[in-house]
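Here is the structure we will look at.
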């Protein structure tokens, strides 16, 4: 059990941190027993009977003064590395410039920002930043682009985990991955366009003509593309007249191709609810480009067919992020077409502000999946896990990690396939390390000319499928994380090398099973994967022999 002593008046962020690092914890109460104590304020360690104490904070406190520890804040340095973990720090970061001379080696400087201290059979780690301030920043503001590729929140959790393991402190957690899998993958498709025949001499039409005719050939001359790519673009370009006359199939219509590629992997399509609406409060000189040219009412049978194939339909919202009244209209439009309840949303162009989560929740959505980057791939919230945004009661956020346009658009990352593959491999590697859900957005028209990103998408799916991966719709992913969040530890005991866990909130359902991960390093050297996984499988009590 981890006890928490915090200066925070509200425990919302602390509670969310321990939904992500799902381990037994509680607000510190005198006379209760805690194996580990985490504090972000001054503590009197003489009154605390814990094996391990972790004190966070960038300000000098009474404990520091008593131990002759001096802290300085480096205004320029905003990150540190501990083992393989790189931690960008977004608030203040202190370093330990001096500690009392110690002939008994009771003080060990593990890094400039982490000090290990032995006092009266207690192990104390003094860390020079405020953990819960950092978590609040990540889940509220999100990471800047320059740190997008770092799963910072997962690194904060891993730092605590590593300290416990290295000091051989037994603990349990419920990892963010179903039994038998390495991680979860959620495939999504934003439906910004359905047919090029919906676009007659508008900006999308002329943009396609220009890129197909000139940019494709320019990229060929630079060595970025093959001549086969150029020929496919030109072929599509010269077929436009016959498509508009109805003699040829519209090449932007790629739903059948996605069904073929994904083969029952169950994906989520986000459809724009209203035609010709660019939306309010769009801070862009090209805001009119945001309006869709298709009427979703014309594709009611398509939506039903996609659902019949096991896929999910969500809302690609226009104004739900700034108006809950308009958000309800958008939700109602898609709900009437699909007959589905508990719809999720991703805002078109990933528009977001400080009130967006509250507006989306008030509109009645089951989840949101907007928190990601248009410009690059990575972790805007620093995490691979579904989380609850600050200030909402029920809404959960399914973060977005990989987006095709972010990878390949010239005005965004503008990567070649080799560079894009390297970035995606890093995200897959982090998914293997930390579990959670890898969320991918591949736009509906991205398989077609002039994008032709289908080959890369197929390779990406094959690379993901080399691991033990659970593919699920966005709604099912959120349901599984809700199941994990509802679990509570009622009692945890380790006696005579037997772990006894009493759980609360276990329900029978068709979702994949949760696991309890047991870190029990007694008489063992700490090493990677030194744990035992036990499936919960709707059992309220679990007894496990640890020898």
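The values are calculated or read from the model by the stated rules, or taken from the named source; none is laboratory data. This is a predicted model, so every value here is computed, not measured. All Cβ positions, glycine included, derive from the backbone under ideal geometry; neighbour counts span all protein chains shown.
Looking only at residues in segment 107-146 that are exposed (fewer than 14 other Cβ atoms within 10 Å of the Cβ) and in a loop (DSSP other than H, G, I, E, B), which one is modelled with the lowest pLDDT?
In this case the residue turns out to be 120.
Given the criteria crowded, with 18+ Cβ neighbours inside 10 Å and either closer than 16 Å to residue 195 by Cα or in contact with a strand residue (DSSP E or B) (Cβ under 6 Å, 6 or more places away or on another chain) (or both), does residue 248 qualify? Explain how you work it out, then say what you get.
Numbers: crowded, with 18+ Cβ neighbours inside 10 Å: no; either closer than 16 Å to residue 195 by Cα or in contact with a strand residue (DSSP E or B) (Cβ under 6 Å, 6 or more places away or on another chain) (or both): yes.
No: the conditions fail for residue 248.
Identify the residue in segment 8-32 that is part of a loop (DSSP other than H, G, I, E, B) and either in contact with a strand residue (DSSP E or B) (Cβ under 9 Å, 6 or more places away or on another chain) or modelled with pLDDT of 95 or more (or both) and, among all such residues, is surrounded by the fewest Cβ atoms within 10 Å (Cβ to Cβ). Don't jump to the end; show me each part of the working.
Step one: of segment 8-32, the residues part of a loop (DSSP other than H, G, I, E, B) are 8-11, 21-24, 28-32.
Pick out the ones that are also either in contact with a strand residue (DSSP E or B) (Cβ under 9 Å, 6 or more places away or on another chain) or modelled with pLDDT of 95 or more (or both) and you get 11, 21-24, 28-29, 32.
Details: 11: 14, 21: 22, 22: 22, 23: 20, 24: 19, 28: 18, 29: 8, 32: 11.
Per the criteria, the residue is 29.
Within segment 407-419, restricting attention to residues that are in contact (Cβ under 8 Å) with a residue 12 or more places away in the chain and closer than 14 Å to residue 456 by Cα, which residue is surrounded by the most Cβ atoms within 10 Å (Cβ to Cβ)?
That would be 407.
Of all residues in segment 392-414 being at pLDDT below 95 and touching a helix residue (DSSP H, G or I) at 6+ places or on another chain (Cβ under 9 Å), which is farthest from residue 482 (Cα to Cα)?
Top of the filtered list is 410.
Restricting to segment 149-163, name every residue that is more than 21 Å from residue 92 (Cβ to Cβ) and buried (at least 23 other Cβ atoms within 10 Å of the Cβ).
151, 154
Residues to consider are 194, 165; find the one that is at pLDDT below 95 and outside any strand (DSSP E or B).
Working: 194 fails: at pLDDT below 95.
The match here is 165.
Can you give me the number of residues within segment 49-69 that are touching a residue at least 40 places away in the same chain (Cβ under 8 Å) and either over 19 Å from residue 129 (Cα atoms) or in a loop (DSSP other than H, G, I, E, B) (or both)?
Residues of segment 49-69 touching a residue at least 40 places away in the same chain (Cβ under 8 Å): 50-58, 63-64, 67, 69.
So of that shortlist, the ones also either over 19 Å from residue 129 (Cα atoms) or in a loop (DSSP other than H, G, I, E, B) (or both) come out as 50-51, 57-58, 67, 69.
Counting residues in segment 49-69 that are touching a residue at least 40 places away in the same chain (Cβ under 8 Å) and either over 19 Å from residue 129 (Cα atoms) or in a loop (DSSP other than H, G, I, E, B) (or both) gives 6.
Does residue 213 fit the bill of being touching a helix residue (DSSP H, G or I) at 6+ places or on another chain (Cβ under 7 Å) and surrounded by fewer than 18 Cβ atoms within 10 Å (Cβ to Cβ)? Give the steps one after another, and end with the answer.
Values: touching a helix residue (DSSP H, G or I) at 6+ places or on another chain (Cβ under 7 Å): yes; surrounded by fewer than 18 Cβ atoms within 10 Å (Cβ to Cβ): yes.
Judged against the criteria, residue 213 is a match.
Can you confirm whether segment 182-191 contains a residue that is within 37 Å of the chain's Cα centre (by Cα), touching a residue at least 60 places away in the same chain (Cβ under 8 Å), over 23 Å from residue 272 (Cβ atoms) and assigned to a loop (DSSP other than H, G, I, E, B)?
Here is the first cut: in segment 182-191, the residues within 37 Å of the chain's Cα centre (by Cα) are 182-191.
If we keep only those that are touching a residue at least 60 places away in the same chain (Cβ under 8 Å) too, we end up with 182-191.
Filter once more, so that each one left must be over 23 Å from residue 272 (Cβ atoms): 182-185.
Among the residues that remain, those that are also assigned to a loop (DSSP other than H, G, I, E, B) are: 182.
Yes: one or more hits.
Specify the residue that is surrounded by the fewest Cβ atoms within 10 Å (Cβ to Cβ); the eligible residues are those in segment 70-95 that are assigned to a loop (DSSP other than H, G, I, E, B) and more than 22 Å from the chain's Cα centre (by Cα). So that I can check it myself, show each step before the final result.
Initial filter on segment 70-95 (assigned to a loop (DSSP other than H, G, I, E, B)): 74-78, 83-84, 89-93.
From what's left, more than 22 Å from the chain's Cα centre (by Cα): 74-78, 83, 92-93.
Details: 74: 16, 75: 8, 76: 5, 77: 13, 78: 15, 83: 11, 92: 17, 93: 24.
Filtering segment 70-95 for residues that are assigned to a loop (DSSP other than H, G, I, E, B) and more than 22 Å from the chain's Cα centre (by Cα), the one surrounded by the fewest Cβ atoms within 10 Å (Cβ to Cβ) comes out as 76.
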